[in-house]
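Enquirer: I have a structure I would like to understand better, so I am pasting it below and will then ask my questions one at a time.
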Amino acid sequence: TKQTNKPINIPPELPDILKQFTKAAIRTQPHDVLQWAAAYFAALSKGEALPVKHRLEIPVATQKTDTGLTPGLLKVLHKQVGELQQKWKGLCLPMEQLETLLALGNFDLEMKWMHFFALGCSALGGTIISALKHACEILTEDPEGGAACVPFDIFVNLYTYLAQLDGDIPQDQIDSFLLSLQELVDNDHVWVE
């Protein structure tokens, strides 16, 4: 091969880009680093939200039940709402779980994102209460560690959807619960502790 004496031009911002990428990879802990890196740099080049967790999470699921879905990854998906399947793959999550959630919610291509989001929260917790707690913690704009505040109408939408999907909670009980909760609501926001 022919060698040249021309210096290689390295953009001055490259070290910072690589530093941010490395930090993001450590926080996100993708199962497939190559696939995640491709999604990361594609989003970066398009100015889209990056597939990055805000902090490192220790998985709570066992090896047998671990699907890879965590509150942090669900928060990333919520911020990236768009082409769900592409984003799901970019986070290295199993397609079987996406297909299961889509089938469970009877979703088609025009699905309601917040209903899918509610099912994702349900997959994290199991009960309606724990699903709503996860949802409030993910959706809140409040600092981490404090009460998780979300708009009441969003809470109503999530609770109503999950309760109706459950099938064991009669509509009059759903309505009664929401009416009693409305009396406790502070400035149209629900606080979860």
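The values are calculated or read from the model by the stated rules, or taken from the named source; none is laboratory data. In this text the structure is predicted, and so the values were computed from the model without any measurement. All Cβ positions, even for glycine, are placed from backbone atoms using ideal geometry, and neighbour counts span all protein chains on display.
Enquirer: What's the number of the only condition in (1) surrounded by fewer than 19 Cβ atoms within 10 Å (Cβ to Cβ); (2) among the charged types (D, E, K, R); (3) at pLDDT 75 or above that ASP108 fails to meet?
Expert: Failing condition for ASP108: (3).
Enquirer: It is to be established whether one or more residues within the range 43-63 are among the hydroxyl-bearing types (Ser, Thr, Tyr), surrounded by 14 or more Cβ atoms within 10 Å (Cβ to Cβ) and modelled with pLDDT of 85 or more.
Expert: Checked against the condition, which is being among the hydroxyl-bearing types (Ser, Thr, Tyr), surrounded by 14 or more Cβ atoms within 10 Å (Cβ to Cβ) and modelled with pLDDT of 85 or more, the range 43-63 yields no hits at all.
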